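The values are calculated or read from the model by the stated rules, or taken from the named source; none is laboratory data. Bear in mind that the values here come from a model prediction, so they are computed numbers and not experimental data. Because the Cβ atoms are built from the backbone with ideal geometry, glycine has one as well, and the counts that use them run over all protein chains shown. Accessible surface is based on the protein model in full, side chains and every heavy atom, while ligands, DNA and RNA are left aside. Shrake-Rupley method; radii C 1.70, N 1.55, O 1.52, S 1.80 Å.
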Amino acid sequence: MTERTTWTFVGFAAILVVASAAIPALVDARPAREVPAPTVEGNLSGANADGWAEAPAAEVPLSAAPSGLPNAESVNTRSVEVQAARADGDVFVRLQWQDTEASRNASNPNAFLDGAAVQIPVDTSEQPAIAMGSQSNLVNVWYWTADGDTEELLAGGQGSTTAFENETVRTWASYDDGEDTWSVVFNREAEPDGDNRTAITGEDDLDVAFAVWDGANDERSGQKAVSEWYYLPVGPDDGGTPFASILWALAGIAIVAVVVLTAQGIRRARSEGDGRL
Amino acid sequence: MAHENFEIADGVDHQVAMVMDLNKCIGCQTCTVACKTLWTEREGTEYMYWNNVETRPGKGYPRRWEEKGGGWVSDEHTERTPGEIPASEDYGEAWEFDHEGILKEGEDKKLAPEGGKPEWGPNWDEDQGAGEHPNSYYFYLPRICNHCTHPSCVEACPRQAVYKREEDGVVLVDQDRCRGYRYCVEGCPYKKIYYNAVSKNSEKCVFCYPRIEGEGPDEEIHPPACADQCVTQLRLVGYLDDTDGPIYKLVEQYEVALPLHPEYQTTPNVYYIPPFAPPQHSEGGETVDVDRIPRSYLEQLFGERVHDALDTIEQERQKVERGGYSELMEILQDTNPAEQYRLDRTGVFDDD
C-alpha cells in the first residue's frame, strides 16, 4: 500500500469517527422518551398561548391500559403530542390529541367526558409502577375533564386515587373543531407546599406519563389510553441519558478499529503480493 | 357466618331482608313518594326513584331494565354478565311545569311539561298490563335495591366504593370513594343504582339505615320509609337469619317468598309473595279454571319455584277455608307491627 492510500484510509476513518458522533445528534437530537422542557419567556397560560411556539413537541404513543375492566382494550386515542416548559418557578405541560367529537357534557347517565391526565412520581428519584404507582411509591396525577374540572390527585396503586383537598393545578383547554383536536395545558408551581406533592427541584429529571380518555367511547377509570414513562430533562444533566453517549462512543471506536484493521490487512496482503511477483 | 340452610354473605353478621306481598299492592305510589321525599329531592336526583312501583307486565323503570344485562353468569359468582347503563330517556326526564306562570302570572297556556312533549317516563305504561277483555290482567311490582348476598355492583366497582355493611348486609355507595365511573350502574341487573350528574357520584337505596338503626330524633327504630308509609302495609322487614321471624318463615320455611329474577345469580334479599288474580272468564262471563296471570309469566319473573309457592299458598288458604289453622296465612295477614317489622336485634341474636 502506498503512503497516499494509507492516508486515504486514515482520513476515511476520521470521517467515520466524526460522523458516528455527529449523525446521532443530527438525526435524533433527543434521547428516546424525553419531552424537552425549556425555559420559556412567552406566555404559556392558555391552550393556544404564544409561548408554546418556543417548546418543542414530543409525539407520545398511547395504548390501552391493562386494567381488567370491561372493554378496557377499547380505546380510541393512539398518540398525544406533548410539550413541556418552565417559567418563573412554574411547570407547564401541554397535551394535544385527535378526537372527532368533543364530549363536554355527562348529564345523561350513559354519557362520559373526554379527559386527560399527567402522572408524575411523588419521589422524583425513583420511577414508580406505571399503573398509578404503588403503596410504597406514590404518584401525583393532574386530571382534567372536558366539563372544565381539574383535580390534583394522589394515588398508590389502581383504585386508590384520592383528591388533594386544595388543588394547586390549573388547566386551560380548547377544542379545535376544524382540526378535531383537543389542546389542554396543565400548570403547577414547581415546588408547591403540601405533603405528597411532587417537588420539581431540579435535582432529578422528572418521570412523567400521560393518559387520555375518549368520552364518546365510554372511556373512564382504567379504560384509557396511556403512555409508558417519559421524562422531562429538568435534572442537572440536560445533555441526554449517559448510556446513550457511552453507546455512541463505543460504536465510534468500533468503527475506527474495523477500518484500521482492514487497512492494515489490505496493506499486508498487498506487500506480500508484491514480494511474490 | 355459617347457617343451616341459607346463605349470608361472607363478612356479614346478619342480613336484613324485606318481603313484599304483591297481593296487597294497589299501585298508589305512596312508598315511592315517601322514598322520594326522604332521599331524592336533591339536585341531580330528580330522575331517581330508589323505590319505584311498576305495572307488570310492562317495560318497567328504567324502561326495559331486564334487557340491560348485569349480574353473574352462574351461581359460582366468578364471572359477571356484561351490562349497560340506561339512558336518561329510559328513566324518563324529570318534567318541569310552569306553575308560576300559569297560576300566578296568568299565562294563557295549558299546564304541560315544558320543553316538548315527553315520550316516556316512569309509569308511562301504568295499568296497561296484558291480555284481552275479559281476561286482561296486570299487577304492581314495587322495587327497591335488593341488597343482594352476591352483589354484582360491589364486584363491578374498581375502587371498592360499593360495599356490603358488616352489621346487616345493607349495600351502600361510599360517596367519598365513588368517582362516578358507573360500573356499578351497568353491573346491577336490577338497575337500582343511579348516577347523579351533579355530585358526579352514583347513589342507591340505603335501606333507610338511619331509621333501622334508630338514629332519628326520637331515637326509636323505624322500618324503612317505603314500608312504614305503605297504605296496605304489604312489606315485612326483618332479618333473614332471625329464624323466629316471619321473613325466615316465609322465605326459608314455607318457601312462598321468592326473589325477583333469581337467574341473575345475585341472591336478592328482597322477596315477593307472588300475585294471585281471579280466574279467567269465558266470553259469556262464566268463571273458568284458567289462571288469569299466566304461570309462565310469573315464572319469568320469579323462577320455577313460583309454582310450588303458589300451590303452597293455595293449599294453606283452602285449609283456612275449611276452618283449619294456617301459620302461613296468619303471617301473611299479621297486623302486629312488632312482628311485621322485627328490626330490634336486642335479644334476637346472641351477639347483639
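Suppose we filter the stretch A:182-203 for residues that are surrounded by fewer than 17 Cβ atoms within 10 Å (Cβ to Cβ) and in contact (Cβ under 8 Å) with a residue 60 or more places away in the chain; how many remain?
Adding up the residues that qualify gives 6.
Among the numbered criteria (1) closer than 25 Å to B:Pro86 by Cβ; (2) under 21 Å from the mean Cα position of the chain (by Cα); (3) not hydrophobic (A, V, I, L, M, F, W, C), which one does A:Gln119 miss?
Every condition holds for A:Gln119 apart from (1).
Of all residues in the stretch B:190-218, count the ones that are touching a strand residue (DSSP E or B) at 6+ places or on another chain (Cβ under 8 Å) and either away from chain A (no Cβ under 14 Å) or small (Gly, Ala, Ser) (or both).
Here the count works out to 6.
Of everything in the stretch B:86-129 that's open to solvent by 30 Å² or more (accessible area, probe 1.4 Å) and not in a loop (DSSP other than H, G, I, E, B), which residue is nearest to B:Gly70 (Cα to Cα)?
The selected residue is B:Glu89.
Considering every residue within the stretch B:274-293, establish whether at least one is surrounded by 15 or more Cβ atoms within 10 Å (Cβ to Cβ), among the aliphatic types (A, V, I, L, M) and either over 22 Å from the mean Cα position of the chain (by Cα) or outside any strand (DSSP E or B) (or both).
Yes: one or more hits.
Report the residue count in the stretch B:294-311 for those that are open to solvent by less than 80 Å² (accessible area, probe 1.4 Å) and touching a Leu at 6+ places or on another chain (Cβ under 7 Å).
5
Residue check: is B:Gln160 polar (S, T, N, Q) and within 12 Å of another protein chain (Cβ to nearest Cβ)?
Answer is yes for this residue.
With the structure loaded, tell me whether A:Gln223 is within 16 Å of A:Asn140 (Cα to Cα) and within 14 Å of chain B (Cβ to nearest Cβ) or whether it fails that test.
It is false that A:Gln223 is within 16 Å of A:Asn140 (Cα to Cα) and within 14 Å of chain B (Cβ to nearest Cβ).
Quick check on A:Ser45: is it more than 14 Å from every other protein chain (Cβ to nearest Cβ) and either assigned to a strand (DSSP E or B) or modelled with pLDDT of 95 or more (or both)?
It is true that A:Ser45 is more than 14 Å from every other protein chain (Cβ to nearest Cβ) and either assigned to a strand (DSSP E or B) or modelled with pLDDT of 95 or more (or both).
For residues that are in a loop (DSSP other than H, G, I, E, B), closer than 23 Å to B:Arg345 by Cβ and modelled with pLDDT of 95 or more, scanning just the stretch B:179-219, find the one that is most open to solvent (accessible area, probe 1.4 Å).
By that ranking, first place goes to B:Glu213.
Which of (1) over 15 Å from A:Val40 (Cβ atoms); (2) touching a Leu at 6+ places or on another chain (Cβ under 9 Å); (3) of a type in the set (A, V, I, L, M) is the odd one out, the single condition A:Ala84 does not satisfy?
Only one criterion in (1) over 15 Å from A:Val40 (Cβ atoms); (2) touching a Leu at 6+ places or on another chain (Cβ under 9 Å); (3) of a type in the set (A, V, I, L, M) is unmet by A:Ala84, namely (1).
Among the numbered criteria (1) in a helix (DSSP H, G or I); (2) within 14 Å of chain A (Cβ to nearest Cβ), which one does B:Glu252 miss?
Result: B:Glu252 passes all but (2).
Just need a number here: residues in the stretch A:131-162 that are within 13 Å of chain B (Cβ to nearest Cβ), of a type outside the set (Ser, Thr, Tyr) and open to solvent by 40 Å² or more (accessible area, probe 1.4 Å).
Matching residues across the stretch A:131-162 total 6.
Would you please name the residue that is nearest to the chain's Cα centre (by Cα), looking only at residues in the stretch B:130-166 that are assigned to a loop (DSSP other than H, G, I, E, B) and of a type in the set (Lys, Arg)?
Within the stretch B:130-166, the match that is nearest to the chain's Cα centre (by Cα) is B:Arg165.
If I filter the stretch B:130-157 down to residues being open to solvent by 30 Å² or more (accessible area, probe 1.4 Å) and within 14 Å of chain A (Cβ to nearest Cβ), which single residue comes out as farthest from B:Leu234 (Cα to Cα)?
Ranking the candidates gives B:Glu155 first.
Restricting the stretch B:164-174 to residues that are more than 13 Å from chain A (Cβ to nearest Cβ) and under 28 Å from A:Gln223 (Cα atoms), which is surrounded by the fewest Cβ atoms within 10 Å (Cβ to Cβ)?
B:Leu172
Contact list please: Cβ distance under 7 Å, first residue in the stretch B:289-306 and closer than 15 Å to B:Pro57 by Cβ and of a type in the set (S, T, N, Q), second residue in a loop (DSSP other than H, G, I, E, B) and open to solvent by 70 Å² or more (accessible area, probe 1.4 Å), pairs at least six apart or on different chains.
Close Cβ pairs (under 7 Å, with a partner that is in a loop (DSSP other than H, G, I, E, B) and open to solvent by 70 Å² or more (accessible area, probe 1.4 Å)) do not exist here.
With respect to A:Asn110, is the statement that it is over 20 Å from the mean Cα position of the chain (by Cα), within 12 Å of chain B (Cβ to nearest Cβ) and open to solvent by 10 Å² or more (accessible area, probe 1.4 Å) true?
Yes: the conditions hold for A:Asn110.
Taking the criterion of being out of contact with any helix residue (DSSP H, G or I) (no Cβ under 6 Å at 6 or more places or on another chain) and without any contact (Cβ under 8 Å) to a residue 60 or more places away in the chain, would at least one residue in the stretch A:75-82 satisfy it?
For the stretch A:75-82, residues out of contact with any helix residue (DSSP H, G or I) (no Cβ under 6 Å at 6 or more places or on another chain) and without any contact (Cβ under 8 Å) to a residue 60 or more places away in the chain: present.
Take B:Glu76 and tell me if it is open to solvent by 60 Å² or more (accessible area, probe 1.4 Å), more than 30 Å from A:Asn71 (Cα to Cα) and more than 14 Å from chain A (Cβ to nearest Cβ).
For B:Glu76, the condition - open to solvent by 60 Å² or more (accessible area, probe 1.4 Å), more than 30 Å from A:Asn71 (Cα to Cα) and more than 14 Å from chain A (Cβ to nearest Cβ) - is not met.
Return yes when B:Val231 is at pLDDT 95 or above and either polar (S, T, N, Q) or surrounded by fewer than 17 Cβ atoms within 10 Å (Cβ to Cβ) (or both) and no when it is not.
yes
Mind listing just one residue for me: the one in the stretch B:177-189 that is within 9 Å of another protein chain (Cβ to nearest Cβ) and without any contact (Cβ under 8 Å) to a residue 40 or more places away in the chain and, of those, farthest from B:Ala94 (Cα to Cα)?
Result: B:Arg177.
Take the stretch A:229-251 and flag every residue that is modelled with pLDDT under 75 and open to solvent by less than 40 Å² (accessible area, probe 1.4 Å).
A:Gly240, A:Thr241, A:Ala244
As an exercise: evaluate B:Cys230 against (1) assigned to a loop (DSSP other than H, G, I, E, B); (2) within 14 Å of chain A (Cβ to nearest Cβ); (3) touching a helix residue (DSSP H, G or I) at 6+ places or on another chain (Cβ under 6 Å) and give the number of the one condition it does not meet.
Here B:Cys230 meets the rest and fails (2).
Yes or no, residue by residue, for (1) more than 22 Å from the chain's Cα centre (by Cα); (2) of a type in the set (D, E, K, R); (3) part of a helix (DSSP H, G or I):
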position: B:Glu316; (1), (2), (3): yes, yes, yes
position: B:Val320; (1), (2), (3): yes, no, yes
position: B:Gly323; (1), (2), (3): yes, no, no
position: B:Leu332; (1), (2), (3): no, no, yes
position: B:Thr335; (1), (2), (3): no, no, no
position: B:Glu339; (1), (2), (3): no, yes, yes
